[in-house]
Amino acid sequence: MHSSRVGSFDPSRQSFLTPSMADDIGRGRVDIPGETRVTEPIYYEDQRDWEPADYYALFRYLNRLLLNQRAVRTTEIASLDLSRMSAETKHLLKHMLVQKKAYERVTSEFPNLAGLDGEPELEHPLYLSGKPLLAYDYFTEHRIYL
């Protein structure tokens, strides 16, 4: 992982983070000693130099965002701007919702996500792990390797 990248997040360091702290980091609300200040949420970051661990951190953040029904999460989901997201982030978000059987409900509840319908499949695979287990058939079918 590129530690000098703005918004770098090392999932292996999560052991000392509570989910709330990790979420605050993902939203750029706290500084991590020795790290560059996160200036925007992980789902809006430039992903040109990302490695599988970076995509896994994105996966973890989106998973917590989508599964938690707290009001702050609802506000964040309602404010998601698909036009600011990379094709990889939109692909991952869409297929996470489908895999969790929440796509129809979430896109109905949050019209800002309705644009995911028109998102094409990626032309390249998306690796969330350097050694994918291929444990999720749905993700593997859509070239997301976890």
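The values are calculated or read from the model by the stated rules, or taken from the named source; none is laboratory data. What you are looking at is a predicted structure, and each value in this text was computed from that prediction instead of being measured. Here the Cβ is made from the backbone with ideal geometry for all residues, glycine too, and neighbour counts use every protein chain on show.
Taking the range 124-136 as the range and being loosely packed, with under 11 Cβ neighbours inside 10 Å and modelled with pLDDT under 95 as the test, the residues that pass are G130, K131, L133, L134, A135.
All of (1) in contact with a helix residue (DSSP H, G or I) (Cβ under 8 Å, 6 or more places away or on another chain); (2) modelled with pLDDT of 55 or more hold for D23 with one exception: (2). Of the helices (runs of 4 or more DSSP H) lying entirely inside the range 52-146, those carrying at least 1 residues that are under 17 Å from I42 (Cα atoms) and among the aliphatic types (A, V, I, L, M) are 52-67, 71-79, 87-99. Per the listing R105, R143, the residue uniquely of a type in the set (K, R) and under 27 Å from S79 (Cα atoms) is R105. Screening E35, E88 for residues that are at pLDDT 80 or above and among the acidic types (D, E) leaves exactly one candidate, E88.
The C-beta contact set for the range 73-88 (first residue within 24 Å of I144 (Cα to Cα), second residue of a type in the set (D, E, K, R) and exposed (fewer than 12 other Cβ atoms within 10 Å of the Cβ), distance under 8 angstrom, 6+ apart or interchain) comprises S86/D46. Considering only residues of the range 50-72 that are in contact with a Pro (Cβ under 8 Å, 6 or more places away or on another chain) and of a type in the set (G, A, S), which is surrounded by the fewest Cβ atoms within 10 Å (Cβ to Cβ)? Top of the filtered list is A53.
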